[in-house]
Amino acid sequence: METTLVENLPEVTALGVIIKAIIILAVISALAGFGTYIERKVLAFMQRRLGPMHVGPFGLLQIAADGIKLFTKEDIVPQNANKLIFKIAPAITAATAFIALSSVPVFPDFTIPEMVFGVTIPLVGGVFVPSIASDINIGILFVLGMMAAGLYGPLLAGMSQANKWGIIGSARTAVQFLSYEVVTGLSILAPIMIVGSLSFVDFNNAQAGGIGSWLIWQQPVAFVLFLIAGFAETNRTPFDLLEHEAEVVSGYATEYSGMRWGMFFIGEYANMITVAIIASIVFLGGYDSSYELGWLMIILKISFFFFLMLWVRAAWPHVRPDQLMWLCWKVLMPIAVINIVVTGIVIMV
Amino acid sequence: MSLEQFKNRTVGTQVYKTLDLGETPKSGMDRFKQVVKRTFSLELFVGLWVTIREMGNALFGGNMHTVKYPFEKLPISPRYRAIHDMLRLLESGHYRCIGCGLCEKICISNCISMDTRYDENQRKEVSEYTINFGRCIFCGYCAEVCPELAIVHGGRYENASEQRAGFSIFEDMLTPIDKLNLQQEYDGFGAVTPNADENIKKTPLAY
Amino acid sequence: MYEIVAFYLFSALTIGLFSVTVMSSNLLYAMTSLAAGMVLISGFFFLLGADFLGAVQLIVYVGAVMALYSFAMMFFDATRDIKEKNTNDALVFLLGGMSALMLVLMFSAPIFSENVQALYPMTEGVGNAQDVGMVLFTKYLIPFEVAALMLLVAMISGIILAGKKMDSSLTEDMDADDEIMIVKDEK
């Protein structure tokens, strides 16, 4: 099925992949900045406030103001910190978040036109830009692995900064992310068993038959589990114990300032987008490349998940670390295992 | 009449809600049941619904609570004790202060200083009148003691200026002569507020 | 061309990082270079076209080194250098060198005897995961199951070791260990 689809497409060149990577970097970084604006606005509306209003129309230029602030702030490295690791840690978070995005379909594929308004485009004219920068057939596994590698950012940041809050933050990182990694993997295993592939494209094609064929109807439990684990892995509100201001000042980010802190931030928002993309493709049918609006649909789905994360932040309180572990090991993991067993039995029968 | 009703007989309507928290689970099975009940009673979604409802109220119901402060201000109570105003006589437009010096005497933080002299008509006139707002504690004694209702507390509460003298010179506090028709009469320190009737509630008599 | 450049890049980086792991007396440097080396090893799998194994390497070793980190966090101050107590440097050198030599000989033996050939070449038309699964569930079924059993034993013993005093809290004399109980007024 997908082979015929692939044959119709032009060849993917290295230049196309590079262009795609640049597009992902630029757009997702911008979206991460825009995400902070959306988050502040949505949270404000839910608390019946106005949110940022004064910089630009409706406060839209607040992103620019924040960006200027982040870039020009003093970059402080504490005296007793392990300076090299301290400097590397934010880069790990940001880099892994974007590497994970390299194997998910982000935008539709397109071909750069050879001529625009009669002017020939040099070098990149006529280059085919694929929707997935690196279309490996184990996309889901790679994304999960890359997100797992991203845990080293907060972990190293907390351990290297010679600050007790940082140590607590990194201990929580190790505990929380390792635990929820298990739930993410197990919950997404059941849909993988049904589709029989680890490729995002196969997932998308398996659900091409409209809303009725979405995997959420076959795997509602896995969907809920994946959402919960996704919230924990992106460090979003009911589970944002790593930098819980009320408990551990700012956790792993206590000693960070300026652009290094900003890289943590961009990484976190990029991870949110990644989880939203995975949830949309695996459970909610993904994109539909047969017509133009198919791509609008997945952007709507991703936006919904992004909004859900903000919505939940406005509505629900934090949990304690022990409740977090209790939830993971005593509730979610058994349910995930049972779900896999039941799915397996149903597939075999 | 029960004791509860008796105690509440003169108090306005009570709308307290009692939360039914249920029994504290004792055994492991009870705890398990509690978890299952809480999971499937969809209480979490009530929280989600409340926030999205408030968002709708705020955006489309005109229920936004933000006051864009420097551009719009909330009305303050007429009894609010902010920067002092010096009032004028309505007929002649002359300031009301007769230079008796009572405010200077009563001021407990010693922040009012005034000087008077006789003018050409042998009337006492105020030649010097300043209030040191670095010291003033806005107790209101000066307004209370003033026999002419000349010094009162006004509503200017934004006390930021480039110089300390910004508010405290007599001419600054005096009602501008062209705004004389807008001058509010001050009922005297401790007078009831204009909307006092609305604020009256039943006093609980029995405790 | 790309493959050769990538291979030498990965090799140099991996060897460099693992030597840092061995040489450095700073805990954070050692652990971080170990983790980075493990991640880079998955690059070799990707180069060889074994995407599945690469991703598995990534996931497994990221988690494993993370567990090591948590031990390091518990036992050491991560920002200080650690003084190792070696009673006999010569013995350590000898034993380490011997085992390294043996490993090199063992793994280079097939290269000397004959050219390395893939025992299980990739099947056309099926993915990486299927290939691994077929081998795992046919020829290596018993080792696979034994490994699973071993992990199960390890897990159970871990739970028993850690769970001896799970029911009683160290800080409080109450057994509400898992969630907030809002105690109702029971008058």
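If you plug each phi of region A:182-192 into the Karplus form 6.51 cos²θ - 1.76 cosθ + 1.60 with θ = phi - 60°, what whole-Hz ³J(HN,Hα) values come out, in order, with x for Gly and Pro?
For region A:182-192, the Karplus-derived couplings read 4, 5, 4, x, 5, 5, 7, 5, 4, x, 4 Hz, x marking Gly and Pro.
If the cut-off is 26 Å between C-alpha atoms, which lysines fall inside it for B:Lys124, apart from same-chain ones fewer than 8 positions away?
Within the straight-line cut-off, B:Lys124 pairs with B:Lys105, B:Lys179.
Inside 10 Å of the C-beta atoms of A:70-79, what's the mean count of C-beta atoms belonging to other chains?
Mean partner shielding for this stretch: 0.
Taking the inverse of the average 1/r across all pairs of different Cα atoms in chain A, what Kirkwood radius in Å do you get?
Kirkwood hydrodynamic radius for chain A: 21.5 Å.
For C:Lys139, give me every one of the lysines with a C-alpha distance below 19 angstrom, ignoring sequence neighbours fewer than eight places off in its own chain.
Of all the lysines, none pass the test against C:Lys139 - Cα under 19 Å, at least 8 places apart if same chain.
Which pairs, out of A:Lys41/A:Lys73; A:Lys330/B:Lys37; A:Lys87/C:Lys85; B:Lys26/C:Lys164, put more than 19 Å between their alpha-carbon atoms?
From the list (A:Lys41/A:Lys73; A:Lys330/B:Lys37; A:Lys87/C:Lys85; B:Lys26/C:Lys164), the Cα-Cα distance tops 19 Å for A:Lys41/A:Lys73; A:Lys87/C:Lys85; B:Lys26/C:Lys164.
Tell me which residues come under 5 Å, amide H to amide H, from A:Val129 once H is placed; ignore anything under 5 positions away on its chain.
Close amide H contacts, sequence-distant or interchain: A:Phe110, A:Thr111, A:Ile112.
Average partner chain C-beta neighbours within 10 Å, per residue of B:48-61?
4
Skipping prolines and chain starts, which residues have an amide H placed within reach, meaning under 5 Å, of the one on B:Tyr95, given they are 5 or more residues away or on another chain?
Those lying under 5 Å, H to H, from B:Tyr95 are B:Leu89.
Could you pull out every residue, at least 5 positions away or on a different chain, whose amide H is within less than 5 Å of the one on B:Ser127? Hs are placed 1.01 Å off N in the peptide plane, and Pro or chain starts have none.
B:Asp115, B:Thr116, B:Arg117
Enter the mean number of other protein chain beta carbons within 10 Å of the beta carbon of each residue in A:148-161, as an integer.
5
Could you list the residues of region B:63-102 with an amide nitrogen less than 12 Å from a label point located 7 Å from the Cα of B:Asn159 in the Cα-to-C-beta direction?
B:81-84
So what's Rg/Rh here for region B:23-65, counting alpha carbon atoms and using the Kirkwood radius for Rh?
Rounded to two decimals, Rg over Rh is 1.34.
Calculate the spin-label point distance for A:Thr72 paired with C:Ile15, positioning each point 7 Å from the Cα along the beta-carbon direction, and give it in nanometres.
4.9 nm
Is it possible to state the helix-based mean residue ellipticity at 222 nm for chain B, with each DSSP H run of 4+ residues giving -39500 (n - 2.57), the sum divided by total residues, to the nearest 500 deg cm²/dmol? What is it?
-7000 deg cm²/dmol
Give me the Debye-computed log₁₀ of I(q)/I(0) at q = 0.16, 0.17, 0.20, 0.28 Å⁻¹ for region B:106-171, equal point scatterers on Cα only, no solvent, two decimals.
Debye intensities relative to I(0), on a log10 scale: -0.62, -0.70, -0.93, -1.43.
List, in order, the whole-Hz ³J(HN,Hα) value for each residue of region A:150-155 obtained from phi through the Karplus relation with A = 6.51, B = -1.76, C = 1.60 and θ = phi - 60°; use x for Gly and Pro.
x, 5, 5, x, x, 4
Just how many % of Cα pairs in chain B lie over 31 Å apart, if you round to the nearest whole percent?
53 percent
Could you work out how far apart the two model spin labels at B:Gln34 and C:Leu141 are, taking each label as a point 7 Å from the Cα in the direction of the beta carbon, and quote it in nm?
Distance between label points: 4.9 nm.
Can you pull the Kirkwood radius for region A:296-349, inverse mean 1/r over Cα pairs, to one decimal in Å?
Hydrodynamic radius (Kirkwood, Cα only) of region A:296-349 equals 14.2 Å.
Give the residue from C:Thr87, B:Cys107, C:Leu105 lying farthest towards the positive end of the charge dipole for the protein assembly as shown; charges sit on Cβ (+1 for Lys and Arg, -1 for Asp and Glu) and the dipole is referred to the Cα centre.
Sorting the options by dipole projection puts first B:Cys107.
May I ask you to work out the translational diffusion coefficient for the protein assembly as shown at 10 °C, viscosity 1.306 mPa s, via Stokes-Einstein with Rh from the Kirkwood sum over Cα pairs, reported in whole µm²/s?
Rounded, D is 49 µm²/s.
Could you give me the ³J(HN,Hα) list for region A:307-314, computed from phi with Karplus coefficients 6.51, -1.76, 1.60 and θ = phi - 60°, whole Hz, x at Gly and Pro?
Listing the rounded values in order: 4, 4, 5, 5, 4, 4, 5, 6 Hz.
Using the Cα centre of the protein assembly as shown as origin and beta-carbon charges of +1 (Lys, Arg) and -1 (Asp, Glu), tell me which of B:Gln5, A:Gln62, A:Phe306 is placed farthest towards the positive end of the dipole.
Value computed over the given set: B:Gln5.
Rule-based calculations on the coordinates, nothing more; no lab input. Keep in mind it's a predicted model, so treat the numbers as computed, not measured. Neighbour counts run over all protein chains shown; Cβ positions are idealised from the backbone, glycine included.
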